[in-house]
Amino acid sequence: MRACDLAEPYLSVSKDADASEAVRLLVEHALPGLLVVDTAGRPYAIVPACDVVGALVPRYVQEDPVLAGVMDEPHADHLFRALAGKKLSDCLPVGKPFLPTAAPDRTAMGIAELMVHTRSPLIAVVEGPAEGPVRLLGVVTAAHLLERLLQA
């Protein structure tokens, strides 16, 4: 099996989309992460669901996890409000976006290794030059890869 055989269509969201709407998309479709595209619709970043959760946790709690134990539930219930008025791009890490990609001819084992190495539940399958615009063929999710491996 090659990446082109494993790739499936996948919902994407623009980096300029409202952050809270992106989270709703993630939740409503039970996605393992977000495929973020640029204004031209090209793959820009992959944001695993755990990183979306991380965007909701205040920086001071991430730096001192003991604080998580002393925050009361009403305060925790309001974490989602931190996304109000933010674009998805505001929630992405500064610097080069996280975008694990695979060429169409990459093997299933190569995809599995990439998922393990990057700790990403999604791999974008793209064709095009290594540096430059690429065309998205689809996405391989960890669940789909495991399903196909079980069938083999």
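The values are calculated or read from the model by the stated rules, or taken from the named source; none is laboratory data. Worth saying up front: this structure is predicted, and the values here are computed from it rather than measured. Don't worry about glycine lacking a Cβ; one is built from the backbone with ideal geometry, like all the others, and counts go over all protein chains shown. Accessible surface areas use protein heavy atoms only, side chains included; no ligands, DNA or RNA. Shrake-Rupley method; radii C 1.70, N 1.55, O 1.52, S 1.80 Å.
If you roll a 1.4 angstrom probe over the protein chains with everything in place, what fraction of the accessible area of the chain belongs to carbon and sulfur, to the nearest %? Walk me through the numbers before you get to the answer.
Values: 5210 of 9050 Å².
Answer for the chain: carbon and sulfur cover 58 percent of the accessible area.
Compute the Cα gyration tensor for region 9-113, then decide on rounded, prolate or oblate, letting a ≥ b ≥ c be the square roots of its eigenvalues: rounded whenever a/c is under 1.5, prolate when a/b is larger than b/c in the other cases, and oblate in all that remain.
Numbers: a/c = 2.20, a/b = 1.68, b/c = 1.31.
Prolate shape, in that a/c is at least 1.5 and a/b is the bigger ratio.
About the Cα centre, and with charges only on the beta carbon of Lys, Arg (+1) and Asp, Glu (-1), how big is the dipole of the chain? Nearest 20 debye, please.
Numbers: 13 positive and 19 negative charges, 70 e Å.
Here the size comes out at about 340 debye.
If we count trypsin sites (Lys or Arg not before Pro) as exposed when they sit in a DSSP loop and have at most 16 other beta carbons within 10 Å, what is the longest stretch of the chain that avoids them all?
In short, 1-85.
Quickly estimate the mean residue ellipticity at 222 nm for the chain, helices only: each DSSP H run with n ≥ 4 gives -39500 (n - 2.57), and the total goes over all residues, rounded to 500.
Details: 9 runs with 62 residues, N = 152.
Result for the chain, helices only: -10000 deg cm²/dmol.
Quick one: helix 19-28 against the long Cα principal axis of the chain, what's the angle to the nearest 10°, folded into 0 to 90?
Compared with the principal axis, the helix lies near 60 degrees.
Tell me the net charge near Arg106. Cut-off is 10 Å between Cβ atoms, Arg106 excluded, with +1 for each Lys or Arg and -1 for each Asp or Glu.
Numbers: positive: Arg2; negative: Asp105, Glu113.
Neighbour charge sum, excluding Arg106 itself: -1.
In Å², what does the accessible area per residue of region 43-89 work out to with a 1.4 Å probe? Mind dumping the intermediate values first?
On the way: 3030 Å² over 47 residues.
Accessible surface, normalised per residue, equals 64 Å².
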